[in-house]
Amino acid sequence: MSKSLQAIRGMNDCLPEQTYRWQYVESVLREVVGQYGYQEIRTPIVESTELFKRSIGEVTDIVEKEMYTFADRNSDSLTLRPEGTASCVRAGIQHGLLYNQQQRLWYMGPMFRHERPQKGRYRQFHQFGVETFGIDGPDIDAEIIIMTARLWKKFGIADQVKLQLNSLGETQAREDFKQALVVYLTQHKDKLDEDSTRRLSSNPLRILDSKNADVQALLNDAPVLSDYLDEEATKHFNGLCERLSAAGIEYELNPRLVRGLDYYNKTVFEWVTDSLGAQGTVCAGGRYDGLVAQLGAKPTPAVGFAMGIERLVLLLEVLESFEKSASQAYVYVSALGDDCIDYAIEVAEYLRDKLKDKPILMHCGGGNFKKQLKRADKAGADFAVILGETEKDKGSVVLKPLRGQADQVEIQLGELINELEKFS
Ligand code: ATP
Ligand code: MG
């Protein structure tokens, strides 16, 4: 195939052998958030560029270098959404869902970031996320973390992921801390890489998030944000820690945990794993009380998280925790000759009426008996139902067990379900 007809680098197809795994993961996610009374929100994949600039922040990896931004035919600047929170807040404001209300929302879908593709990092990837509005916590912070813990249990990966927690405090604390951090890092400027040097003046907090090992080593002796928290933020954070402990959720305090986006305050958390190499953050979230006001509406407290579905699927694959996919067919309906195709369709529809949760595959495209049986086998069918002129005239079917369960029998169509049930 010519190169121009390949998928875009970092954007993956999900083939049938893989989709059943995604469907399983998605169904568990839906089921668990449903148990907590969260409701789904769907927003467009494209938004105005301004939305992301104003919410995520100008001096962030995403806005600086990762967004898919283009001018549409009216010359409006549009962007493929790089994350879901900004769109949720935009929709909440636009439709009056936020003011004086409580909302518990979830979303799932593709996000787009122009990053260097590698295992666990793609240009189109998928996030499952939760956003709550109108509750200032820390009970709701605890709720969403407890909910993720339930998810890990359900997926059987509870012992593979660890919870890291931090508090970013409020604006004043971050300002005071920032100053102290800049003083410290300026003294060691020679050890900073290019990115961190630039951030020293533009967004020093983000240096804490640096993936450079030398920078991380330097940060070992840097001032810590927790020393700067005000009383209210400390109380909030302690409240969260107490609730998590009471619920039996283990956590690790990570004073250097900041998020890649500007809008967080107070609680930040990540669920990380050692099983995926460098791309170890499976789920990340926190509180963003200032964002709604920042986008022009009445202040509304908010807290949420997003998890990378690719990373979750990868983790489950590493642990070999997926079951084999169900076979494509339970019964394969085979018609011998054009004259009995109508009868075969009737039999297939009859089976679908009666066996609602079992796939019935109808042979299409003709061919001799041997060829049809081969297809039946390839589809993983347990049974073939074979129909010819004689069967059509008698209203009967030939049931042929394909997995050595028994010999084939000819029976009336009305007895077929009973006969099949003998094997289940
Ligand atoms: P990282 O530090 O790995 O770049 P981030 O801080 O940019 O992560 P968030 O914006 O918080 O990530 O997104 C939440 C989650 O979405 C991440 O923890 C991860 O699981 C997933 N995620 C983020 N970017 C990608 C990507 N390019 N490919 C696959 N998954 C991703
Ligand atoms: Mg990133």
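Miscellaneous remarks
- Counting only residues that are under 16 Å from the mean Cα position of the chain (by Cα) and either acidic (Asp, Glu) or near ligand 1 (Cβ under 8 Å from one of its atoms) (or both), segment 130-140 holds 1 of them.
- Residue identified as under 15 Å from the mean Cα position of the chain (by Cα), closer than 28 Å to residue 294 by Cα, of a type outside the set (Ser, Thr, Tyr) and more than 16 Å from ligand 2 (Cβ to nearest atom) among 47, 40: 40
- Just one of the listed residues (285, 308, 280) is under 18 Å from the mean Cα position of the chain (by Cα), near ligand 1 (Cβ under 9 Å from one of its atoms) and closer than 19 Å to residue 171 by Cα, namely 285.
This table checks each residue for (1) part of a helix (DSSP H, G or I); (2) among the polar types (S, T, N, Q).
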| position | (1), (2) |
| --- | --- |
| 19 | yes, yes |
| 23 | yes, yes |
| 30 | yes, no |
| 43 | no, yes |
| 51 | yes, no |
| 55 | yes, yes |
| 69 | no, yes |
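- Residue list for segment 228-262, restricted to those being within 21 Å of the chain's Cα centre (by Cα) and either more than 11 Å from ligand 1 (Cβ to nearest atom) or among the charged types (D, E, K, R) (or both): 259
- The residues of segment 218-246 that are within 24 Å of residue 278 (Cα to Cα) and either of a type in the set (D, E, K, R) or free of Cβ contacts under 8 Å to residues at least 12 places away in the same chain (or both), listed by number, are 220, 221.
- The lone exception for residue 9 - which of (1) surrounded by 15 or more Cβ atoms within 10 Å (Cβ to Cβ); (2) not in a strand (DSSP E or B) it fails: (1)
- If you go through segment 45-78 and keep only what is within 14 Å of ligand 1 (Cβ to nearest atom) and either outside the structural domain of residue 292 (by TED's automatic domain parsing) or not aliphatic (A, V, I, L, M) (or both), you end up with 52, 55, 57, 60, 61, 64, 65, 66, 68.
- Of the residues 113, 123, 104, 81, the single one that is under 25 Å from residue 145 (Cα atoms), surrounded by 13 or more Cβ atoms within 10 Å (Cβ to Cβ), of a type in the set (Lys, Arg) and within 16 Å of ligand 1 (Cβ to nearest atom) is 81.
- Looking at segment 192-284, the helices (runs of 4 or more DSSP H) lying wholly inside it that each contain 3 or more residues that are assigned by TED's automatic domain parsing to the domain that holds residue 53 sit at 231-246.
- When residue 324 is tested against the conditions (1) surrounded by 17 or more Cβ atoms within 10 Å (Cβ to Cβ); (2) not in a strand (DSSP E or B), the lone failure is (1).
- Residue within segment 64-85 that is in contact (Cβ under 8 Å) with a residue 40 or more places away in the chain, within 24 Å of residue 198 (Cβ to Cβ) and touching a helix residue (DSSP H, G or I) at 6+ places or on another chain (Cβ under 6 Å) present: no
- A count restricted to segment 86-96 and to residues that are touching a helix residue (DSSP H, G or I) at 6+ places or on another chain (Cβ under 9 Å) and over 11 Å from residue 51 (Cα atoms) stands at 2.
- Out of 380, 414, 404, 366, sole residue that is modelled with pLDDT under 95, out of contact with any Pro (no Cβ under 9 Å at 6 or more places or on another chain) and either more than 16 Å from residue 337 (Cα to Cα) or surrounded by 13 or more Cβ atoms within 10 Å (Cβ to Cβ) (or both): 404
The values are calculated or read from the model by the stated rules, or taken from the named source; none is laboratory data. Keep in mind the model is a prediction, meaning the values are calculated, not measured. We place every Cβ from the backbone using ideal geometry, glycine too, and count neighbours over all the protein chains shown.
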